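Asker: First, the structure itself, so that you have it in front of you.
The values are calculated or read from the model by the stated rules, or taken from the named source; none is laboratory data. Here the structure is a predicted model, which means the values were calculated and not measured. Cβ: placed from backbone, ideal geometry, glycine included. Neighbour counts: every protein chain shown.
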Amino acid sequence: GRGIGRALVRAACAAARDRGARRLTLRVLGHNVPARALYAAEGFVVEGVLPGEFLLDGEYVDDVLMGRAIGPDSAA
């Protein structure tokens, strides 16, 4: 809630861009709503879902793949 996650995501995008990357992908657990909202706010979109991929504490949860463009032609 202090902006640290957002700063880290932005720094990772900038560092990858500086090294010539054109896009980034990440994976997040489907039930991690705050993280998914942060990534979406930073331009990541859901590109795929593996339903019930992980068994955590007796419950199956989805593995969500998100990605975004970061190259010179992207908006960010």
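Asker: How many residues, within region 42-70, are part of a loop (DSSP other than H, G, I, E, B) and either hydroxyl-bearing (S, T, Y) or surrounded by 13 or more Cβ atoms within 10 Å (Cβ to Cβ) (or both)?
Answerer: Residues of region 42-70 part of a loop (DSSP other than H, G, I, E, B): 42-44, 57-58, 70.
Still in the list and also either hydroxyl-bearing (S, T, Y) or surrounded by 13 or more Cβ atoms within 10 Å (Cβ to Cβ) (or both): 42-44, 70.
Residues in region 42-70 being part of a loop (DSSP other than H, G, I, E, B) and either hydroxyl-bearing (S, T, Y) or surrounded by 13 or more Cβ atoms within 10 Å (Cβ to Cβ) (or both): 4 in total.
Asker: So, one more: For S74, work out the one condition from (1) surrounded by fewer than 11 Cβ atoms within 10 Å (Cβ to Cβ); (2) modelled with pLDDT under 95 it doesn't fulfil.
Answerer: With respect to (1) surrounded by fewer than 11 Cβ atoms within 10 Å (Cβ to Cβ); (2) modelled with pLDDT under 95, S74 is out only on (1).
Asker: Right, Y39: assigned to a helix (DSSP H, G or I) and among the aromatic types (F, W, Y) or not? Before you say what the answer is, go through the steps one by one.
Answerer: On the way: assigned to a helix (DSSP H, G or I): yes; among the aromatic types (F, W, Y): yes.
It is true that Y39 is assigned to a helix (DSSP H, G or I) and among the aromatic types (F, W, Y).
Asker: Which one of the conditions (1) in contact with an Asp or Glu (Cβ under 9 Å, 6 or more places away or on another chain); (2) of a type in the set (A, V, I, L, M); (3) at pLDDT 95 or above does L56 fail to meet, given that it meets all the rest?
Answerer: Unmet condition: (1).
Asker: Further, regarding this structure: Could you please find all residues in region 1-36 being surrounded by 11 or more Cβ atoms within 10 Å (Cβ to Cβ), under 13 Å from the mean Cα position of the chain (by Cα) and in a helix (DSSP H, G or I)? Steps first, please.
Answerer: Pass one, region 1-36, residues surrounded by 11 or more Cβ atoms within 10 Å (Cβ to Cβ): 5-6, 8-10, 12-17, 21-32, 35-36.
Narrowing further to those that are under 13 Å from the mean Cα position of the chain (by Cα): 5-6, 8-10, 12-13, 23-30, 32, 35-36.
Listed by number, the residues that qualify are G5, R6, L8, V9, R10, A12, C13, A35, R36.
Asker: Would you confirm, using the coordinates I've provided, whether R2 is in contact (Cβ under 8 Å) with a residue 12 or more places away in the chain and basic (K, R)? Even if it seems obvious, please write down each step before you answer.
Answerer: On the way: in contact (Cβ under 8 Å) with a residue 12 or more places away in the chain: no; basic (K, R): yes.
Considered against the rule, which asks whether it is in contact (Cβ under 8 Å) with a residue 12 or more places away in the chain and basic (K, R), R2 comes out as no.
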